[in-house]
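Heads up, the thing below is written out as structure tokens.
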Amino acid sequence: MLKVTKFGGSSMADAGQYQKIRDILNSDPARQVVVVSAAGKRNSKDHKITDLLYLCHAHVQYGVDCTPIFEMITSRYLEIRDELKIELDLESEFAALKKRLDAKSVSQDELASRGEYFSAKLMAAYLGYRFIDSADWVFFGMDGAVDQKKTYDALKALFIPGQGVVIPGFYGLLPDGNIRTFTRGGSDITGALAAAALDADVYENWTDVSGILMADPRIVDDPQAIPEVTYNELRELSYSGAQVLHEGTIFPVREKNIPLNIRNTNAPEDAGTMIKEAFDTPADPDRFITGITGKKDFTILSMSKRGMSNQVGVLRKVLTVLERHNMSVDYVPNGIDNVSVVLPTATIAPHLYTILGEIQKEVEPDTLDVHDQIAVVAAVGRHMAFRPGISGKVFAALGEAGINIRMINQGPDELNLIFGVDNKDFKEAIRVLYTSFVK
Ligand code: ASP
């Protein structure tokens, strides 16, 4: 049994968190691979090391002395080291880096990657595990994408089963020998690559919440965590607004059918959320919604034209106009003689009047209206499929709460039920759904 564990920034923020990680690892000998982020915030006023590293690089670029920021960064690591009485000479590595930085010979990516690098060095020394540098196994191709085969082969060759290793997340090596980072939050990807390379039995992603929550905790008080979610549901949830994992994370583990388990470093007794392709667990009769999410600020363009339903090509003409402006459309609800397109307001606003003009000219609708300040709410759940009465219940609950529904959309796979409400009703709609469906 092999478990690859990844600990995010808040799990790496101070000495107390390092101790929690050690306990988590010691409680299960299968947890032999540890991927770490740079130290995150200790409290809401604190800074993430990665942000400070980018800031430091920007200073140097503009010829401003970055010493005070650099010292903020190094002191975070030294504090953890000294508090945990770890034997590790960080000072000489810091000095060498600062010298290169002052000489402007450190790229932005390389500097940003040092947050994870020092985290991993320190954690490896603390645990007595081996340090494996991600520059020695995460390889990018010329196109900037990960060279999967080379990467997997390299880690397989470096890893010795039974011997604990700590690996820095977030970066790898380009063919020219330079460091390249993933996009922000990319340590999740490193963990997924390690799990896939080593054919792990599970990829545990340790964070500061007990799994993916059924609804946004800023909207719903103390929402429950989702125990099990499929990859398809997760895709729906994140597309519709839930912030879950870095986008690139899923692919390597999904491809190899490795379950992904989101866990809480601060509450390791919680089972968290298990993400898999499918589950054998029978549907809970009280729980057919997996999660509720949504986003505000959409615009609906709706047009009607007498006889539209019998005309060929109307929808194509509308979509062609939008395509010309490089707009991807989120939803296309339609009626008999009318059709609407729903897009994020921020996307369409700069081109709105040009687009309206072109639709007017090319489609010649009888009416053409713009509705904005629309929020889209999605109830996602694999158990909704082929179960009559759910949408009835959803809309009845919203009706009772006096929330007017502006649009409804459900795909034939019945994985989600999506509807539009006014922005002002957004939070209430989510709360009403949550209280009506989650017991
Ligand atoms: N430290 C990086 C960031 O803040 C990567 C990560 O933590 O996943 O984006």
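The values are calculated or read from the model by the stated rules, or taken from the named source; none is laboratory data. What you see is a predicted model, and the numbers here were worked out from it, not measured in a lab. All Cβ positions, glycine included, derive from the backbone under ideal geometry; neighbour counts span all protein chains shown. Accessible surface is based on the protein model in full, side chains and every heavy atom, while ligands, DNA and RNA are left aside. Shrake-Rupley method; radii C 1.70, N 1.55, O 1.52, S 1.80 Å.
Observations on the structure shown:
- Filter result for the condition that a residue is over 30 Å from Asp201 (Cα atoms) and surrounded by fewer than 18 Cβ atoms within 10 Å (Cβ to Cβ), over Leu343, Leu301, Leu315, Leu322: Leu315
- Candidates Ile219, Ile258, filtered to the one that is more than 22 Å from Val377 (Cα to Cα), in contact (Cβ under 8 Å) with a residue 60 or more places away in the chain, assigned to a loop (DSSP other than H, G, I, E, B) and within 24 Å of the chain's Cα centre (by Cα): Ile258
- Failed item, numbered, when Leu97 is tested on (1) within 16 Å of the ligand (Cβ to nearest atom); (2) crowded, with 19+ Cβ neighbours inside 10 Å; (3) over 17 Å from Met12 (Cβ atoms); (4) not β-branched (Val, Ile, Thr): (1)
- Scanning the stretch 59-68 turns up no residue that is of a type in the set (Ser, Thr, Tyr), assigned to a helix (DSSP H, G or I) and closer than 19 Å to Trp206 by Cα.
- Evaluated against (1) under 28 Å from Ala39 (Cβ atoms); (2) surrounded by 17 or more Cβ atoms within 10 Å (Cβ to Cβ), Gly177 falls short on exactly one condition, (2).
- Answer from Ala192, Ala196 - the residue that is of a type in the set (A, V, I, L, M), within 15 Å of the ligand (Cβ to nearest atom) and in contact with a Phe, Trp or Tyr (Cβ under 9 Å, 6 or more places away or on another chain): Ala192
- Residue match in the stretch 122-140 (condition: of a type in the set (Lys, Arg), open to solvent by 30 Å² or more (accessible area, probe 1.4 Å) and free of Cβ contacts under 8 Å to residues at least 60 places away in the same chain): yes
- Boolean, Thr293 is in contact (Cβ under 8 Å) with a residue 24 or more places away in the chain, closer than 30 Å to His371 by Cα and of a type in the set (S, T, N, Q): yes
A quick yes/no check of all residues on (1) within 16 Å of the ligand (Cβ to nearest atom); (2) assigned to a helix (DSSP H, G or I); (3) touching a helix residue (DSSP H, G or I) at 6+ places or on another chain (Cβ under 9 Å):
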{"residue": "Met1", "(1), (2), (3)": "no, no, no"}
{"residue": "Thr5", "(1), (2), (3)": "yes, no, yes"}
{"residue": "Ser10", "(1), (2), (3)": "yes, yes, yes"}
{"residue": "Asp23", "(1), (2), (3)": "no, yes, no"}
{"residue": "Thr50", "(1), (2), (3)": "yes, yes, yes"}
{"residue": "Tyr54", "(1), (2), (3)": "yes, yes, yes"}
{"residue": "Arg76", "(1), (2), (3)": "yes, yes, yes"}
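- Subset tally (residues that are in a helix (DSSP H, G or I), surrounded by 15 or more Cβ atoms within 10 Å (Cβ to Cβ) and modelled with pLDDT of 95 or more) for the stretch 352-373: 5
- Residue match in the stretch 143-153 (condition: outside any loop (DSSP other than H, G, I, E, B), aromatic (Phe, Trp, Tyr) and open to solvent by 50 Å² or more (accessible area, probe 1.4 Å)): no
- Candidates Gln17, Gln61, Gln32, filtered to the one that is within 14 Å of the ligand (Cβ to nearest atom) and open to solvent by 10 Å² or more (accessible area, probe 1.4 Å): Gln17
- Consider the stretch 163-179 and keep the residues that are farther than 13 Å from Ser119 by Cα and of a type in the set (Gly, Ala, Ser). The one that is nearest to the ligand (Cβ to nearest atom) is Gly172.
- The stretch 409-428: number of residues that are over 24 Å from the mean Cα position of the chain (by Cα) and small (Gly, Ala, Ser): 0
- The set of residues from the stretch 404-425 being free of Cβ contacts under 8 Å to residues at least 24 places away in the same chain and either on the phi > 0 side of the Ramachandran plot or assigned to a strand (DSSP E or B) (or both) comprises just one member, Gln410.
- Conditions (1) more than 29 Å from Ala267 (Cα to Cα); (2) open to solvent by less than 20 Å² (accessible area, probe 1.4 Å); number of the one not met by Asp102: (2)
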